Amino acid sequence: MQTLIKNGRIITACDDYQADILIENETISCIGKNLDVKGCKIIDAKDKYIFPGGIDVHTHLDMPFGGTASSDDFESGTKAAAFGGTTTIVDFAIQFKGKSLIESLDEWHKKADKRACIDYSFHLIVTDLGLSQVKEMRQIIDREGVTSFKMFMAYPGVFYVDDGSIYRAMSLSSDTGALICMHAENGIVINEIINEHLKLGHTSPKYHAITRPVLAEAEGVNRAIAIAQMAKSPVYIVHLSCYEALKKVQEARNEGVMVYAETCPQYLFLDDEYYNQENFEGAKYVLTPPLRPKCHQDKLWHGLNYGDLQVISTDHCPFCFKEQKELGLNDFSKIPNGGPGVENRMNLIYNGGVVAGRISLNQFVQLTSTNPAKIFGMFPQKGTIAVGSDADLIIFDPTLKHTISAKTHHMKVDYNCYEGKEVTGCVETVLSRGEVIIQNGSYQGVIGRGNFIKRKVMTKYSMSQAQLI
Ligand code: URP
Ligand code: ZN
Ligand code: ZN
């Protein structure tokens, strides 16, 4: 099976040129001017950009959390991702306390197998790290192709781990090249602040933000970096939301520490005023870390522009407003933490980044596809447009306008954080391993076509590549 995409403008993290792309089976076999191949399917991409498929390295599908479970499963969540131009996700498998890591990973394989519509991989959330789990971590890295782990300084009693466990995991990371992803917020202090406010009868959604101050995040980031330095390992900070935390990353990077960090669209486009919406609507934005005052947004864009933040992921963790967010009607601390976004990332970042003049077209590709692939061991199979790479491609119309709405989105959740926002530039056609999966506004693949991607560990080479950006 051959497909020829003609006349498109190919944008990678470093290139920008007009050429045709020939796809044979699942990979790109040739890129050149005026390619003429008989008998193949032709897609005309005149006046369109061709980007590598988006890679979202932070999603929570079918995740038990906050007394309920995230509303998108692997079928609905990956299909919605495809509509938004994302062709690979890295989701979080969870080791609940007392469970073996391998068993936990198997459980997540069962959730995704025969359901995922795009390619996927897993990070593994480690909540319990005894000697047997340390052994298992090595096996998982060597045999399972799962080369990154998430640990939490937040959510005591649920996912929280102590600093000793973090040090043990980071020492293993130093040994093996695996990467520790850190939810860096001081959850112990946050719980004290939450209790103080609940005692005063402060129960509405806005207290979610008030009880998780920027200093709790900055302290977590600082501690994560210090532990990484002691363990001689790199560290990846997830969902960084504020300037105070960014400054810690910048200082460390200036000292040559291998710290990487992502931010998410919600921290670039939404702010803490959203918590003041009436009728409990502020609960829609109860996600962690919380939305911050608007003044942080320019700082985050600066961090993206100058390479201190290397990735934009979504932290897609949807809960319906009705019945799920409502679990916290009388107590903000019981509102399930998380928000939807996997479908909107590419269009939002193109519109708010490229169209708004904040980042270049090449940076758009770096932040949404190439850097995630490099940092998480999928490059050059994923994250670029090159001969031999998977033909994961987006044909993008820069002139098309689209209004974001829960009425038309494909995520299984009853609201959209960006309801009514008009974006210029829109994903039109999506190919995943050479197969057209999104065309004319509909999903064209079969359910379960997505493959599990075994990832490599971060080599010194890929790390320095990521640092060059
Ligand atoms: O609010 C969030 N972010 N929910 C998902 C869990 C996490 O901390 O990433
Ligand atoms: Zn987190
Ligand atoms: Zn998350």
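The values are calculated or read from the model by the stated rules, or taken from the named source; none is laboratory data. The structure displayed is predicted, hence computed values, not measured ones. Glycine gets a Cβ as well: all are built from the backbone with ideal geometry, and neighbour counts include every protein chain shown. All accessible areas refer to the heavy atoms of the entire protein, side chains included, with ligands and DNA or RNA removed. Shrake-Rupley method; radii C 1.70, N 1.55, O 1.52, S 1.80 Å.
Give me the residue from segment 390-422 that is β-branched (Val, Ile, Thr) and open to solvent by 20 Å² or more (accessible area, probe 1.4 Å) and, out of that set, farthest from residue 282 (Cα to Cα). Ranking the qualifying residues of segment 390-422, first place goes to 399.
State whether the residues of segment 126-139 include one that is within 28 Å of residue 312 (Cα to Cα) and within 16 Å of ligand 2 (Cβ to nearest atom). There is at least one residue in segment 126-139 that is within 28 Å of residue 312 (Cα to Cα) and within 16 Å of ligand 2 (Cβ to nearest atom).
The residues of segment 78-125 that are of a type in the set (D, E, K, R) and either without any contact (Cβ under 8 Å) to a residue 12 or more places away in the chain or closer than 25 Å to residue 390 by Cβ (or both), listed by number, are 79, 91, 103, 106, 110, 111, 113, 114, 115, 119. Of all residues in segment 27-40, none satisfies being under 26 Å from residue 127 (Cα atoms), touching a residue at least 60 places away in the same chain (Cβ under 8 Å) and open to solvent by 20 Å² or more (accessible area, probe 1.4 Å). Residue 324 meets each of the listed conditions (1) surrounded by fewer than 24 Cβ atoms within 10 Å (Cβ to Cβ); (2) within 16 Å of ligand 1 (Cβ to nearest atom); (3) within 17 Å of residue 394 (Cβ to Cβ); (4) among the polar types (S, T, N, Q) apart from (3). Residues in segment 1-25 that are surrounded by fewer than 16 Cβ atoms within 10 Å (Cβ to Cβ) and not in a strand (DSSP E or B) were compared, and the one that is modelled with the lowest pLDDT is 1.
Only one residue in 188, 180, 227, 193 is away from ligand 3 (no atom under 16 Å from the Cβ), of a type in the set (Val, Ile, Thr) and crowded, with 17+ Cβ neighbours inside 10 Å, so which one is that?
Numbers: 188 fails: crowded, with 17+ Cβ neighbours inside 10 Å; 180 fails: away from ligand 3 (no atom under 16 Å from the Cβ); 193 fails: crowded, with 17+ Cβ neighbours inside 10 Å.
Of 188, 180, 227, 193, the one residue that is away from ligand 3 (no atom under 16 Å from the Cβ), of a type in the set (Val, Ile, Thr) and crowded, with 17+ Cβ neighbours inside 10 Å is 227.
Out of segment 143-155, which residues are among the charged types (D, E, K, R) and either within 16 Å of ligand 3 (Cβ to nearest atom) or at pLDDT below 95 (or both)? Correct list: 150 only. Yes or no: residue 68 at pLDDT 95 or above, more than 16 Å from ligand 2 (Cβ to nearest atom) and either more than 27 Å from residue 22 (Cβ to Cβ) or open to solvent by 30 Å² or more (accessible area, probe 1.4 Å) (or both)? It is true that residue 68 is at pLDDT 95 or above, more than 16 Å from ligand 2 (Cβ to nearest atom) and either more than 27 Å from residue 22 (Cβ to Cβ) or open to solvent by 30 Å² or more (accessible area, probe 1.4 Å) (or both). Might you let me know whether segment 254-265 holds any residue that is among the acidic types (Asp, Glu) and over 22 Å from the mean Cα position of the chain (by Cα)? Within segment 254-265, one or more residues are among the acidic types (Asp, Glu) and over 22 Å from the mean Cα position of the chain (by Cα).
Considered as a group, the residues in segment 140-178 that are under 18 Å from the mean Cα position of the chain (by Cα) and within 16 Å of ligand 1 (Cβ to nearest atom) include one that is nearest to residue 208 (Cα to Cα), and that residue is 152.
Mind listing whichever residues of segment 254-286 are in contact with an Asp or Glu (Cβ under 8 Å, 6 or more places away or on another chain) and either open to solvent by less than 10 Å² (accessible area, probe 1.4 Å) or polar (S, T, N, Q) (or both)?
Quick first cut of segment 254-286, residues in contact with an Asp or Glu (Cβ under 8 Å, 6 or more places away or on another chain) only: 261, 264, 266, 280, 283.
Answer for segment 254-286, where residues must be in contact with an Asp or Glu (Cβ under 8 Å, 6 or more places away or on another chain) and either open to solvent by less than 10 Å² (accessible area, probe 1.4 Å) or polar (S, T, N, Q) (or both): 261, 264, 266, 283.
Looking only at segment 297-317, decide whether some residue is open to solvent by 20 Å² or more (accessible area, probe 1.4 Å), more than 22 Å from the chain's Cα centre (by Cα) and at pLDDT 95 or above. Taking every residue of segment 297-317 in turn, none turns out to be open to solvent by 20 Å² or more (accessible area, probe 1.4 Å), more than 22 Å from the chain's Cα centre (by Cα) and at pLDDT 95 or above.
Evaluate the following for residue 313: is it within 16 Å of ligand 2 (Cβ to nearest atom) and hydroxyl-bearing (Ser, Thr, Tyr)? So residue 313 passes the test. Selection within segment 199-219: residues that are open to solvent by 50 Å² or more (accessible area, probe 1.4 Å) and either part of a helix (DSSP H, G or I) or at pLDDT below 95 (or both). The member of this set that is farthest from ligand 1 (Cβ to nearest atom) is 199.
For segment 230-243, a residue qualifies if it is surrounded by fewer than 20 Cβ atoms within 10 Å (Cβ to Cβ) and not in a loop (DSSP other than H, G, I, E, B), and exactly one does: 230.
Given 446, 430, which one is open to solvent by less than 30 Å² (accessible area, probe 1.4 Å) and at pLDDT 95 or above?
430
In segment 249-297, of all residues being in a helix (DSSP H, G or I), of a type in the set (D, E, K, R) and farther than 17 Å from residue 311 by Cα, the one that is farthest from ligand 1 (Cβ to nearest atom) corresponds to 251.
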